[in-house]
Amino acid sequence: MPRIFVILGCATVLVFGWMFYQYSVQQKEVAQLETYQTVLMEKTEKIFQQAQHWDKPIQVDVTDARLTGDYKVMSDFILSQMIQRAESRNQYVRDLKALNWDKFLDIDRLLADKKNQYQETKQMLQQVHAVVDAYEQKATQQEENALEQAKHLPVKNVFRQQIAQSLRESRDSDESHALFELEKQSLAKADEIFKVIQDNKWEKKNNLFMFYEDAPLKQFNQLYKEILQLNTHMDEIRQKNRSELKQKL
């Protein structure tokens, strides 16, 4: 499963900013809004850059002396949510890496594991399923908690409503959900391809899986092709997300 950075909260940053322009009539309010948007953009870029290094914790101070009042509360909340979601995602990637998930189809590993009735691979798949399920539950809970917290932020009611709306919109449009669905599909394909490997005779030849019969060979090749297609689709979404975020920043 490839390393993937998830675009976090861009819609939240951008959508309600224009709402504030409509709400703001005083010059001081407009100036504070512009500072607020500048701070969000600057710190979002830092979070984006650091989150790509999944093996290191994100160290971005969400507070900023340029902001006060409602704008400080909102900025601290939104940036904290971004970091929380990015850290959760990166921990998920670290957990998969610790299980050697990127080595799942390594032919030498499987060849050695075959001598032990594939005990290592069976355990790997079981643990990966547990990690994926736990991450999905945590992500869902984080989204629900964020919406609930947004309802009680100590800011103007119009701001609370707009933040909650923007969180819902960013959740619905966030490509991270599509990416995670593809990851789950890839895991399901991994289950299927392992069954083919486990249930049929094969050997390593020219660094390839060579099955003794045509039927499992065709099944293996088809499943492997589908896994590659899923990986390609995930890469395309990831690149699109990065390009769009860089254009916005």
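Overview of results
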quantity	calculated
Alpha carbon convex hull of the stretch 99-236, volume per residue in cubic angstrom	114 Å³
Heavy-atom SASA rank of GLU213, GLU87 (probe 1.4 Å, accessible area, largest first)	GLU213, GLU87
When the convex hull of its Cα atoms is projected in every direction, mean area for the stretch 33-112 (nm²)	5.8 nm²
Taking N as its residue count, the alpha carbon Rg of the stretch 134-187 over 2.2 N^0.38 Å	1.36
Eligible lysines near LYS240 by straight Cα distance, threshold 28 Å, same-chain separation 8 or greater	LYS43, LYS46, LYS56, LYS97, LYS103, LYS138, LYS184, LYS189, LYS225, LYS248
Accessible area of ILE83 in the full protein assembly, 1.4 Å probe (Å², nearest 10)	30 Å²
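The values are calculated or read from the model by the stated rules, or taken from the named source; none is laboratory data. Note that the coordinates shown come from a computational prediction; the quantities given were computed from them, not determined experimentally. Ligands, DNA and RNA are excluded from the accessible area calculation, which covers all protein heavy atoms including side chains. Shrake-Rupley method; radii C 1.70, N 1.55, O 1.52, S 1.80 Å.
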